[in-house]
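Visitor: Handing you this structure, nothing more for now.
No value in this document is a laboratory result; all are computed from the given coordinates. Only a predicted model underlies this, so the values are computations on that prediction, with no experimental measurement involved. Heads up, the Cβs are rebuilt from the backbone with ideal geometry, glycines too, and the neighbour counts pull from every protein chain shown.
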Amino acid sequence: MQNIFDEFKTIASIAQLRLFNEKLDNDLVLDRALKVKIDSWLPFLGDPSEMFVPERFISDDLTVAIYGQSPVVFLGTNNWAINRLHSHDPFEDRIDFYKKRVKRVMAQGQRKYCFLFVPEKDFLMDKIARNFDRTQIVDAGMADFRRFCTEAGASFVFDDFLETYPDWVSVDDYNYYDSHLLGRDYVAIVRKILTGFDLRIELPQAFFSIVSGLGYGYGDFKNRLLDGRKSDPRYMLPQINKHGAILTAGNTDLESPLSKNHQIFKNETYIIDAKIAIFGDSHSSISAQRRLTYLLSSIFRVCEFTWKPWGGPEFKTDADYVVMEMSQRFMYGARNNP
């Protein structure tokens, strides 16, 4: 694996990049993963004689790459760029694992469950750009999984929130140095979660606005790429205008290791008189980062967040509603028992 990237790091001009790209073998999944990224840069690059700086496009540790003009997870910690291009069979194995997981979770008690995979930025960009040849394997597997969840009496949320977006939504909206989605995406996901729970509520007028995300944990990519922007006004997060949730357990700041993060909120100005429990990762996160936990704690009387994607092997809760959340790329990770 390393040889191809050692060669990539020696490229000094756009002409050399084009020659390198032509030599990549589409039948090799790592070559194809790299070629997908390079093909997306070429329309934005200049004269072939101009200088090319590899570190501006793929980080030294291979965790981050530019896609089009937007920084996205590349290999990360689990070879995401490779996994998303694999054939149907490995993905079907993953889906079968999570079907077993759904059965095990729902056997814990009679309550409402929502199972959620949050799409990666590059996957979402391909859906917006209608690059369906790069999403069709996952699309087929997720459609099958959605049917399974529905038949089991649970709801499932993936990329279906895109259905609510206007046609002018652009891949360029994701050109910021963070792996997470936009505030509008988290708001749309929450609406899908509530709909799946048959909670069709009317939020008060001016319940929230969308504001700059700077200062709320923004920028997990900002030191990975050479010349990466340290901040970007395009990264937007929700602002609840009258957030009545009060932290009653856990810390306000992000803890290490991440598995230590646990928060409980009580909200006297709740809209839904019930308790919701979220078992997730950084897309839910602590309330201060203004993602799913922040939004749901503004709506429910009690909201509990535990950093344990999809609840881990064992979980306990007394909540009326349960959200099992996981980032799309982590569903490919090694698993033992569901």
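Visitor: Specify the inter-centroid distance of the range 113-127 and the range 152-217, based on alpha-carbon positions, in whole Å.
Guide: Centre-to-centre (Cα) distance: 11 Å.
Visitor: Oh, and also: Within the range 167-196, report the chymotrypsin sites (Phe, Trp or Tyr not before Pro) that DSSP leaves as loop and that have at most 12 other Cβ atoms within 10 Å.
Guide: Passing sites in the range 167-196 are W168.
Visitor: What is the extension gain from D318 to E7, computed as 0.36 nm multiplied by their sequence separation minus the C-alpha to C-alpha distance, in nm to one decimal?
Guide: Values: separation 311, 0.36 × 311 = 111.96 nm, distance 5.45 nm.
The D318-E7 span can extend by a further 106.5 nm.
Visitor: Another one. With N residues in the range 244-338, what two-decimal value do you get for its Cα radius of gyration over 2.2 N^0.38 Å?
Guide: Relative to the 2.2 N^0.38 Å estimate, the range 244-338 comes out at 1.05.
Visitor: Please sort by residue number the GluC sites (Glu not before Pro) in the range 30-103 whose DSSP state is loop and whose Cβ has at most 14 other Cβ atoms within 10 Å.
Guide: E50
Visitor: Across 5 Å bins from the origin, how do the percents of Cα pairs in the range 2-83 run, short distances first?
Guide: Computed distribution, short to long bins: 3, 15, 28, 30, 18, 5, 1, 0.
Visitor: Could you work out the relative contact order of the range 35-103, using alpha carbon pairs under 8 angstrom and six or more residues apart, expressed as a whole percent? If you can, show how the numbers build up before the last one.
Guide: Numbers: 45 pairs, mean separation 14.4, N = 69.
So the answer I get is 21 percent.
Visitor: Can you tell me what share of the DSSP beta bridges in the chain is antiparallel? A percent to the nearest 5 is fine.
Guide: On the way: 20 of 41 bridges.
If I count the DSSP bridges inside the chain, around 50 percent turn out antiparallel.
Visitor: With Cα extents along the principal axes in Å defined as stated, name the option among [x] 70, 52, 45; [y] 64, 41, 40; [z] 67, 46, 36 computed from the structure displayed.
Guide: From the options [x] 70, 52, 45; [y] 64, 41, 40; [z] 67, 46, 36, the structure gives [y].
Visitor: Further question on the same structure: Within a Cβ distance under 11 Å of D25, other residues only, what is the Lys/Arg minus Asp/Glu net charge? Before the final figure, lay out each step's value.
Guide: On the way: positive: K23, R32, K35; negative: E22, D27, D31.
Summing Lys/Arg as +1 and Asp/Glu as -1 gives 0.
Visitor: Here's another thing I want to ask about it. Would you mind calculating the gained length between D133 and T269 on full extension (0.36 nm times residue separation, minus the Cα-Cα distance), in nm to one decimal? Before the final figure, lay out each step's value.
Guide: Working: separation 136, 0.36 × 136 = 48.96 nm, distance 4.62 nm.
This chain segment gains 44.3 nm when fully extended.
Visitor: Could you sort 266-279, 317-330, 5-18 so that the peptide with the highest average Cβ count within 10 Å comes first and the rest follow in order?
Guide: Most protected by this proxy first, the peptides run 317-330, 266-279, 5-18.
Visitor: Which order do peptides 73-86, 190-203 fall in by mean Cβ count within 10 Å, highest first?
Guide: The packing order, highest mean first, is 73-86, 190-203.
Visitor: Let me know the charge dipole size of the chain about its Cα centre in debye, to the nearest 20, where only the beta-carbon of Lys, Arg (+1) and Asp, Glu (-1) is charged.
Guide: Using Cβ point charges on Lys, Arg, Asp and Glu, the chain gives about 1040 debye.
Visitor: Would you kindly calculate the translational diffusion coefficient of the range 50-186, applying Stokes-Einstein with the Kirkwood radius from alpha carbon pairs, for 25 °C and a viscosity of 0.890 mPa s, and quote it in µm² s⁻¹ without decimals?
Guide: 146 µm²/s
Visitor: Let me ask something else. Which order do the peptides 234-245, 137-148 take when ranked by the mean count of other beta-carbon atoms within 10 Å per residue, highest first?
Guide: 234-245, 137-148
Visitor: Can you sort S70, S49 so the residue with the fewest Cβ neighbours within 10 Å comes first?
Guide: With the fewest neighbours first, S70, S49 line up as S49, S70.
Visitor: Of all the Cα-Cα pairs you can form in the range 247-298, what percent are over 15 Å apart? Numbers along the way, then the final one.
Guide: On the way: 558 of 1326 pairs.
Counting pairs separated by more than 15 Å, the tail of P(r) holds 42 percent.
Visitor: Counting each DSSP H run of 4 or more residues in the chain as -39500 (n - 2.57), what helix-only mean residue ellipticity at 222 nm follows after dividing by all residues, to the nearest 500 deg cm²/dmol? Write out the running numbers ahead of the final one.
Guide: Details: 9 runs with 98 residues, N = 338.
Calculated mean residue ellipticity at 222 nm is -8500 deg cm²/dmol.
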